[in-house]
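Shown next, in structure tokens, is the structure this report addresses.
The values are calculated or read from the model by the stated rules, or taken from the named source; none is laboratory data. Note that the structure is predicted; figures quoted are calculated from it, not measured. All Cβ positions, even for glycine, are placed from backbone atoms using ideal geometry, and neighbour counts span all protein chains on display.
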């Protein structure tokens with residue numbers, strides 16, 4: 001009889017997964033819930049409710065972001081929007097920070113004299129390892145320095161300030177303007193997160209060791 005409750009819990013777990021998919025969520029989002037689901041089932045084993053953790057396969061319809069953005073595409077995309085989104089895009093392309101991390105940086109987190117071109121301190125992120133100090137490239141330095149002077153060289157406030165409730169540019173603003181930037185630049189369509197993936201891929205291809213790459217990415 002021990003197989004019956006095991007089968008019941010497996011079916012319940014699968015129903016949770018397919019319910020999330022029925023809500024219209026992407027397969028990748030549903031698959032992202034699997035670690036939590038597996039942890040719950042693992043606790044059930046620890047507590048004696050289950051004899052073993054049921055095996056649950058990932059949904060196969062997941063779309064992988066494998067698009068690598070070329071250097072020319074990078075330049076055309078940034079040049080197409082010589083305004084705030086372009087400034088943010090240059091930071092994303094040359095640091096690999098997540099969009100939300102970039103928009104939560106204040107001017108006090110920028111050091112102009114540290115290392116060769118200065119540094120940028122990421123103070124907030126989705127994990128504890130997201131807090132990290134990143135060296136700025138000449139492109140990021142030039143972009144942020146021009147942006148800083150245009151704002152009157154403030155010592156405080158958000159780098160990407162905006163007349164919003166949070167007084168900063170929100171991530172969805174860049175997402176909203178992304179299709180127009182793609183159209184103006186004429187580059188192949190890509191999702192914004194591909195910028196981060198492209199940066200990390202380029203960094204790995206340059207010979208960067210895995211430990212340093214993980215620290216720059218904000219991974220544990």
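Quick notes on this structure:
- Selection status of residue 78, loosely packed, with under 15 Cβ neighbours inside 10 Å and at pLDDT below 85: no
- Among the residues of region 124-153, those identified as free of Cβ contacts under 8 Å to residues at least 40 places away in the same chain and either in a strand (DSSP E or B) or touching a helix residue (DSSP H, G or I) at 6+ places or on another chain (Cβ under 6 Å) (or both) are 133, 135.
- Subset tally (residues that are under 14 Å from residue 97 (Cβ atoms) and buried (at least 17 other Cβ atoms within 10 Å of the Cβ)) for region 110-131: 5
- Scanning region 90-111 for residues that are over 16 Å from residue 178 (Cβ atoms) and part of a helix (DSSP H, G or I) yields a total of 6.
- So residue 199, is it more than 14 Å from residue 96 (Cα to Cα) and either touching a helix residue (DSSP H, G or I) at 6+ places or on another chain (Cβ under 6 Å) or surrounded by 16 or more Cβ atoms within 10 Å (Cβ to Cβ) (or both): no
- Per the conditions (1) surrounded by 15 or more Cβ atoms within 10 Å (Cβ to Cβ); (2) under 22 Å from residue 151 (Cα atoms); (3) modelled with pLDDT of 85 or more; (4) in contact with a strand residue (DSSP E or B) (Cβ under 8 Å, 6 or more places away or on another chain), the sole criterion not satisfied by residue 97 is (2).
- At least 2 residues being at pLDDT 85 or above and within 27 Å of residue 135 (Cα to Cα) is the threshold, and among the helices (runs of 4 or more DSSP H) wholly inside region 164-220 those reaching it are 193-205, 210-217.
- Near pairs, Cβ below 7 angstrom, 6+ apart or cross-chain, from region 111-122 (under 9 Å from residue 141 (Cβ atoms)) to any residue that is assigned to a strand (DSSP E or B): 117/135; 118/110; 118/111
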